[in-house]
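Here the structure comes first, spelled out in structure tokens, and everything after it is commentary.
The values are calculated or read from the model by the stated rules, or taken from the named source; none is laboratory data. Bear in mind that the values here come from a model prediction, so they are computed numbers and not experimental data. Note: ideal-geometry Cβ built from the backbone for every residue, glycine included; neighbour counts use all protein chains shown. To get the accessible areas, we keep the full protein, side chains included, count just its heavy atoms, and leave off ligands, DNA and RNA. Shrake-Rupley method; radii C 1.70, N 1.55, O 1.52, S 1.80 Å.
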Amino acid sequence: MTIIIDPQTSGIAGNMLIGAFVDLGADENKLKEVMEASACEFGKVNVKFSKISKQGIESTFCHVEMLENNNSINFKDFISKIEKLTIDDDVKATSINIFKRMAKAEARVHGKSLDEVHFHEVGASDAVADVIGSVYAYYSLSYDRQKIIGLPIAVGGGRVETSHGILPVPCPAVVEILKDANMIGGPVDSELATPTGCAIYMELCDEIKEFIPMTKSKKVGYGAGRKDFDHPNVLRIIESEDIAENDEIDVIETNIDHLTGEEIGYLFDVLFDAGASDVSITPIIMKKNRQGSLLKVISKMEKREEVLNIIFKETGSLGIRIAPEIHRGITKREFVKETFQINDRNYEVTFKIGYINDKVISKRPEYEDLKKIAQDTGLALRDIKEVIG
């Protein structure tokens, strides 16, 4: 299963994440208890959950009312209080990581060390409730065992008033937290992405993509935002079933016209030994009407340097073309062994099975297994293929 966090239209905030998690089955009564108890060290809060409609989208609204908020606190003392909370160790550790993300962003923006950072808004009792509530819900749904994909974040626009004065949207802390993530301005003149929500998002996401990958939606939760716009102010979280994987590969090519058949065969062997996914040779006509061959190697990106070195060394090529980061769609696959009796002997054959939407689209025996049976029995390879079906 893959979990997709979708803040493309209305951004992200801690209470929106909690609302979406509750919509997906997190226990709101237990969440209220954990959030209020955890925030108490920093000021009392009252947590309420309700079903509301946001421009026609029914969603869960998590309202965190701050009844009191203690004075600002430095980072070291803040973390010390979090560490003393009586919550699950995983929830505590992940929450601390999120607060560190926010503190580091504040430190970079204001040119301070972590020890000099004082939490104001991000250290408020409602923010503590948001972070710990989000993380508690995440673990309660066992999402820590799933892959989490984040989509681009709508950050809004305009200006916002903070403890540091009036700042542009997105505020500097949000920009720092979302480094290496995809964000887009608008679609309204308002702050849509809070530092707390962004820090939770960056901590929980395993991967950030531009679009939803090929998948099959199973369940959807909507967490409502506080503000009202002309569009649904909701955060969407999708529980999905994987039906395909994405793969990033290099396609490496060079023209050759001087290698013998034996040398090309050896080149195939060493490239496969180095981890190439596929190697092929295509006859071509080169300049001045010379006959030659196009060597094409498909390989994982991390194998690029090793593959290039082998091609340079074994072919003497002066130039190699690389088409990097090609996205390859691959089916879900598994390898299954089956036993067949041929000439009164049992032989094990491995089948590669491909799936789309949980349906088998291909089932092919591995060539090396068929070759071994043919050599042992003396039967023709095509006869072996007929026997095993």
Problem - Residues within the range 316-349 that are assigned to a strand (DSSP E or B), over 30 Å from GLY389 (Cβ atoms) and either open to solvent by less than 50 Å² (accessible area, probe 1.4 Å) or modelled with pLDDT of 90 or more (or both), tallied - result: 1
Practice task
Say whether the condition of being among the charged types (D, E, K, R), more than 30 Å from GLU241 (Cβ to Cβ) and not in a helix (DSSP H, G or I) is met by at least one residue in the range 375-389.
Solution key: no
Handout entry: Residue among LEU114, LEU141, LEU178 that alone is free of Cβ contacts under 8 Å to residues at least 40 places away in the same chain and under 30 Å from ALA37 (Cβ atoms)
Key = LEU114
Handout entry: Hey, GLU386 within 30 Å of THR215 (Cβ to Cβ) and among the acidic types (Asp, Glu) or not
Key = no
Exercise for the section: Return yes when ARG101 is open to solvent by 30 Å² or more (accessible area, probe 1.4 Å), over 20 Å from ALA137 (Cβ atoms) and touching a residue at least 40 places away in the same chain (Cβ under 8 Å) and no when it is not. Expected result: no
Exercise for the section: Tell me, yes or no, whether the range 131-139 has at least one residue that is open to solvent by 20 Å² or more (accessible area, probe 1.4 Å) and either of a type outside the set (Phe, Trp, Tyr) or part of a loop (DSSP other than H, G, I, E, B) (or both). Expected result: no
Exercise for the section: Taking the options LYS313, LYS363, LYS359, LYS385, name whichever one is closer than 27 Å to LEU295 by Cβ and at pLDDT below 90. Expected result: LYS313
Fill in the blank from the handout: Taking the range 65-92 and keeping only residues that are part of a helix (DSSP H, G or I), basic (Lys, Arg) and closer than 18 Å to GLY133 by Cα, one is left with LYS81, LYS92
Practice task
Return the only residue of LYS218, LYS313 being part of a helix (DSSP H, G or I) and open to solvent by 30 Å² or more (accessible area, probe 1.4 Å).
Solution key: LYS313
Fill in the blank from the handout: Scanning the range 275-296 for residues that are of a type in the set (A, V, I, L, M, F, W, C) and in contact with a strand residue (DSSP E or B) (Cβ under 6 Å, 6 or more places away or on another chain) gives ALA276, VAL279, ILE281, ILE284, MET286, LEU294, LEU295
Practice task
Just one of (1) touching a residue at least 60 places away in the same chain (Cβ under 8 Å); (2) over 18 Å from THR194 (Cβ atoms); (3) surrounded by 14 or more Cβ atoms within 10 Å (Cβ to Cβ) trips up LYS81, so point out which.
Solution key: (1)
Completion exercise
When every residue in the range 49-69 that is closer than 30 Å to LYS112 by Cβ and open to solvent by less than 80 Å² (accessible area, probe 1.4 Å) is compared, the one farthest from the chain's Cα centre (by Cα) is ASN69
Problem - Any chance VAL251 is surrounded by 13 or more Cβ atoms within 10 Å (Cβ to Cβ) and in a strand (DSSP E or B) - result: yes
Fill in the blank from the handout: Selection from the range 12-30 of residues open to solvent by less than 30 Å² (accessible area, probe 1.4 Å) and farther than 18 Å from ILE98 by Cα yields GLY19, ALA20, VAL22, LEU24, ALA26
Completion exercise
The one condition ALA107 fails out of (1) of a type in the set (Gly, Ala, Ser); (2) surrounded by fewer than 16 Cβ atoms within 10 Å (Cβ to Cβ); (3) in contact with a helix residue (DSSP H, G or I) (Cβ under 7 Å, 6 or more places away or on another chain) is (2)
